[in-house]
């Protein structure tokens, strides 16, 4: 056997038989739990009330959700529900900072959703729709930043034309709409 292999084998054997072989990864510093002075058996049995399980069960769930996320990415799914679940578990365990996913929603949005949805699960499609709604510009069509004024005018005219085709006056006030509806009710 060469020296490198012998060194690796000795190192492996010492790690395998070392009674203190489990060490929390340096990035796993919990802001909610003091884990440094506990053995893995004690850590595993710590209750996590936000998730309704123990710390060990939450770590196992976190591992499974990472596996699920990777499988979803291979299949072409965005996996936003899994992203939210991973960050929910990390937050419950006090593992900070939360994971920001390159292809996922911004971390600020994830934190906002976790704040809003304590104990409420949503599907991935609902999460994506809510993200798109949160980021959609609901202002007047002509107020798009950096848009050419001629395009804004054209878009405004097209909108007015579409509303007119549908029988809706875009400049009609709420009172006029109610009055028109009442008059149409009389005739039918």
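Details
- Filtering segment 91-110 to residues that are within 30 Å of residue 39 (Cβ to Cβ), out of contact with any helix residue (DSSP H, G or I) (no Cβ under 7 Å at 6 or more places or on another chain) and either without any contact (Cβ under 8 Å) to a residue 24 or more places away in the chain or not in a strand (DSSP E or B) (or both) leaves 94, 96, 97.
- Any hit, segment 69-92, residues being at pLDDT 85 or above, surrounded by 17 or more Cβ atoms within 10 Å (Cβ to Cβ) and touching a strand residue (DSSP E or B) at 6+ places or on another chain (Cβ under 6 Å): yes
- Tallying residues that are part of a loop (DSSP other than H, G, I, E, B), under 18 Å from residue 97 (Cβ atoms) and under 22 Å from the mean Cα position of the chain (by Cα) within segment 30-49 yields 2.
- Boolean, residue 120 is exposed (fewer than 12 other Cβ atoms within 10 Å of the Cβ), closer than 28 Å to residue 46 by Cα, out of contact with any strand residue (DSSP E or B) (no Cβ under 8 Å at 6 or more places or on another chain) and at pLDDT below 80: yes
- Boolean, residue 84 is in contact with a helix residue (DSSP H, G or I) (Cβ under 9 Å, 6 or more places away or on another chain), on the phi < 0 side of the Ramachandran plot and either assigned to a helix (DSSP H, G or I) or without any contact (Cβ under 8 Å) to a residue 12 or more places away in the chain (or both): yes
- Exactly one residue out of 127, 114 is farther than 22 Å from residue 30 by Cβ and either at pLDDT 70 or above or assigned to a helix (DSSP H, G or I) (or both), and it is 127.
The values are calculated or read from the model by the stated rules, or taken from the named source; none is laboratory data. Keep in mind that this is a model prediction, so the values were computed, not measured. Here the Cβ is made from the backbone with ideal geometry for all residues, glycine too, and neighbour counts use every protein chain on show.
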